[in-house]
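Peer 1: First, the structure itself, so that you have it in front of you.
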Amino acid sequence: MLHLLSDWEYPHWMMMAGAITVALGFMGFAYYRNRNGPVNESSRAREATPTERLRAMREYASAAAGLKARGN
């Protein structure tokens, strides 16, 4: 098996290094995304509550829909 690796030329080694780098990058990204611990219930309730900005956006959208329906 080692004689197959010794026959590789420079571009093949670069492709292998690139593939290993990409694989390690994906593994690092997966590790980074899953490093947060379990979410407690208080933070979930906070996320479910609409914020003031969301309420304002909903009001704006409903007002714009009303103007559009009237043809202005």
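Peer 1: Looking at Arg35 and the list (1) in a loop (DSSP other than H, G, I, E, B); (2) among the basic types (Lys, Arg); (3) modelled with pLDDT of 75 or more, which single condition is not satisfied?
Peer 2: Failed condition: (3).
Peer 1: Quick check on the range 10-31. Is at least one of its residues modelled with pLDDT under 80 and either loosely packed, with under 10 Cβ neighbours inside 10 Å or in contact with a Cys (Cβ under 7 Å, 6 or more places away or on another chain) (or both)?
Peer 2: Scanning the range 10-31, I find no residue that is modelled with pLDDT under 80 and either loosely packed, with under 10 Cβ neighbours inside 10 Å or in contact with a Cys (Cβ under 7 Å, 6 or more places away or on another chain) (or both), so the answer is no.
Peer 1: Looking at the range 43-51, can you tell me whether even one residue there is loosely packed, with under 10 Cβ neighbours inside 10 Å and at pLDDT 70 or above?
Peer 2: No, the range 43-51 contains no residue that is loosely packed, with under 10 Cβ neighbours inside 10 Å and at pLDDT 70 or above.
The values are calculated or read from the model by the stated rules, or taken from the named source; none is laboratory data. Treat the numbers as computed from the prediction; the structure is a model and nothing was measured. Using ideal geometry, Cβ is built from the backbone for each residue, glycine included, and neighbour counts are taken over all protein chains shown.
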